[in-house]
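Asker: Can you keep this structure in mind? I'll have questions shortly.
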Amino acid sequence: MLGEFEYLLITAAARLGEDAYGAAIRQEVESATKKSCSIGALYTTLDRLENKGFVKTWMGDPTPQRGGRPKRMVRVTAKGSEAASAFYKAVVRVSRGVSWETSRVAVR
Amino acid sequence: MKRVSRWMAEWLLLALEPAEREVVRGDLAESGETASQALSEVAGLVLRRQTAMWTDWRPWAALIGLVGIAAMALSRLTFLLNVDISEQFRTYWPYGEHSENGLTLTQNVISCCCRSLALLTWAWTSGFVLGSLSKRTIWLTGTLFYLALIDSFWVRLTLSGNIVIGHVPLISIIPYLALPLAGAATIVVVLCAIWGIWQGIRSHTLALQRAMLLMTATVVLTSLVFWTDGWAECAHEAWSEGLWRALPWQTRLAPLILASWPAGYLLASAMWRRRARLNRGED
């Protein structure tokens with residue numbers, strides 16, 4: 001089972017697709033959660049996800065806006081997609097009927 | 001302030017792997033973090049990485065086995081050799097006679113040579129094992145090993161009251177604790193240990209033949225040191241007409257064994273690797 005932050009990273013990486021790399025994922029997580037995401041948390045969690053086989057990372061090409069430094073590119077594996085999907089379904093299931101879920105439906 | 005933060009962030013980045021260092025530099029440039037934010041981000045990552053390294057058994061083995069055990073034993077043995085050498089020099093230089101300690105000149109020379117050679121072997125081996133076990137935690141284990149090597153016995157004697165520091169404020173001594181001032185033997189032993197650390201980081205392991213050679217040399221030198229130390233013990237007992245009892249052989253042997261264990265570890269790990277290769281059918 002994924003952790004909450006692991007789920008956020010996998011989802012952000014899946015959303016970014018081909019453009020998923022460290023700084024972009026960080027920005028995506030920050031804009032979704034409205035909270036800061038530290039580089040330390042990002043890269044240590046990516047390492048953990050890679051060790052579990054949920055993502056694959058590699059060094060990308062350097063770009064001028066990064067001062068000629070390379071990116072750490074990220075791709076979600078099939079195993080990672082399955083784990084994220086299972087986490088999402090569990091969250092949906094466990095949230096059924098709770099006050100914030102019903103009020104969200106009512107607001108809709 | 002900005003400059004200091006940037007300089008500190010760059011300095012901290014050195015603790016990361018080169019590839020990750022470049023990625024983080026790029027991320028910081030892209031996100032346009034301020035110098036203090038960059039410093040805090042880098043410090044957070046380095047802290048997490050360093051903490052993660054300590055979840056492995058190797059840095060702990062280095063800390064306990066080498067800093068806590070081998071360096072303490074080496075510190076004691078080096079200190080005693082320094083005392084003997086300086087005593088001989090202080091007598092020989094002005095009077096042209098060797099210091100009367102119950103041993104003949106030949107016995108003194110043999111004893112000093114055996115201890116010097118053994119110390120160099122123990123120091124190099126300890127350094128090698130420290131480097132191979134610690135690698136990226138070497139900045140901490142290496143510093144502690146160095147401090148334990150040059151200071152631990154001296155501090156132990158001071159705390160037990162055997163060395164009395166006169167009317168000097170203790171705080172003024174602290175800078176000297178970082179320097180190997182106890183004597184020539186300390187400097188040579190420290191240099192030998194640093195050489196071992198450097199080689200341990202680079203080559204990580206010893207081939208079986210070299211490990212066996214090192215173990216043989218360690219056993220021979222340890223036996224010689226144990227034997228020649230016995231001369232001094234007997235001489236002191238005879239000189240004091242039995243008032244001073246020679247130390248039991250176990251007490252004399254213990255620090256030598258504690259200083260020798262890294263050679264045993266290198267041999268055991270070389271044999272284990274050899275067996276693993278044979279099992280895989282590589283040899």
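Readers should treat all values here as calculations from the given coordinates under stated rules, not as data from a laboratory. Worth saying up front: this structure is predicted, and the values here are computed from it rather than measured. In this analysis, Cβ positions are derived from the backbone assuming ideal geometry, glycine residues included, and neighbour counts consider all displayed protein chains.
Asker: Among the trypsin sites (Lys or Arg not before Pro) in region A:8-98, which ones are in a DSSP loop with at most 11 other Cβ atoms within 10 Å of the Cβ? Mind listing them?
Answerer: A:34, A:35, A:96
Asker: Divide, for chain B, the radius of gyration over alpha carbons by 2.2 N^0.38 Å, where N is the residue count.
Answerer: Compactness ratio reported: 1.25.
Asker: I'd like the mean, over residues of B:40-46, of how many other protein chain beta carbons sit within 10 Å of each residue's own Cβ.
Answerer: Mean number of neighbouring Cβ atoms from other chains: 4.
Asker: Could you state, as a whole-number percent, how many of the C-alpha pairs of region B:97-156 are farther apart than 19 Å?
Answerer: Every Cα pair in region B:97-156 considered, those over 19 Å come to 52 percent.
Asker: What spacing in nm lies between the two simple spin-label points modelled at residue B:99 and residue B:47, each 7 Å away from Cα in the Cβ direction?
Answerer: 5.0
Asker: List the DSSP H helices in chain B whose Cα atoms stretch 24 Å or more along the helix axis and whose mean Kyte-Doolittle hydropathy is at least -1.0.
Answerer: Long hydrophobic helices here: B:35-53, B:71-95, B:105-134, B:138-159, B:184-203, B:208-239, B:249-280.
Asker: Quick one: if you stick a label point 7 Å off each Cα along the C-beta vector at residue B:191 and residue A:47, how many nm between them?
Answerer: Each label point lies 7 Å from its Cα, and together they span 3.7 nm.
Asker: With only alpha-carbon atoms counted, please give the Rg and Dmax of region B:34-121, in Å.
Answerer: Over region B:34-121's Cα set, Rg and Dmax evaluate to 23.4, 71 Å.
Asker: Label-point separation (nm) for residue A:82 and residue B:136, each offset 7 Å from Cα along Cα-to-Cβ?
Answerer: That separation, rounded to one decimal, is 3.0 nm.
Asker: Normalised by the residues of chain A, what does the relative contact order come to in percent, with Cα pairs under 8 Å and at least six apart?
Answerer: Once normalised by length, the contact order is 28 percent.
Asker: A further question follows. Based on the inverse mean of 1/r over its pairs of different Cα atoms, what is the Kirkwood hydrodynamic radius of region B:2-53, in Å?
Answerer: Roughly 10.9 Å, rounded to one decimal.
Asker: Please express the shape of region A:4-107 as an equivalent ellipsoid: the semi-axes are the square roots of 5 times the eigenvalues of the C-alpha gyration tensor, given largest first in whole angstrom.
Answerer: Calculated on Cα positions only, the semi-axes equal 29, 16, 11 Å.
Asker: Give me the percent of Cα-Cα pairs in region A:49-98 that sit more than 14 Å apart, rounded to a whole number.
Answerer: Tail fraction, whole percent: 64.
Asker: OK, next. In which sequence would B:274, B:3 go, from the one with the fewest C-beta neighbours within 10 Å to the one with the most?
Answerer: Starting with the residue having the fewest Cβ neighbours, the order is B:3, B:274.
Asker: Over the C-alpha atoms of region A:11-67, what are the Rg and the largest Cα-to-Cα span, Dmax, in Å?
Answerer: According to the Cα coordinates of region A:11-67, Rg and Dmax are 11.6, 33 Å.
Asker: Just list whichever of A:56/B:2; A:35/A:79; A:34/A:71; A:79/B:135; A:56/A:89 have alpha carbons separated by over 26 Å in the model shown.
Answerer: A:56/B:2; A:35/A:79; A:79/B:135
Asker: Please give me, ordered by residue number, the GluC sites (Glu not before Pro) of region B:59-103 that lie in loop per DSSP and have at most 10 other Cβ atoms within 10 Å.
Answerer: The qualifying sites are B:97, B:100.
Asker: Please compute, for peptide B:15-26, the average count of beta-carbon atoms on other protein chains lying within 10 Å of each residue's beta-carbon.
Answerer: Counting Cβ atoms of other protein chains within 10 Å of each residue's Cβ and averaging gives 5.
Asker: From other protein chains only, count the Cβ atoms within 10 Å of every residue's Cβ in A:66-75, then give the mean.
Answerer: The per-residue average across the peptide is 5.
Asker: Place a point 7 Å from Cα of residue A:75 in the direction of its Cβ. Which residues in region A:1-19 have their backbone N less than 16 Å from it?
Answerer: Under cut-off, by backbone N: A:13-19.
Asker: Where in region B:78-106 does the amide nitrogen come within less than 16 Å of the point 7 Å from the Cα of residue B:237, taken along Cα to Cβ?
Answerer: Residues B:102-103 qualify, since their backbone N sits under 16 Å from the label point.
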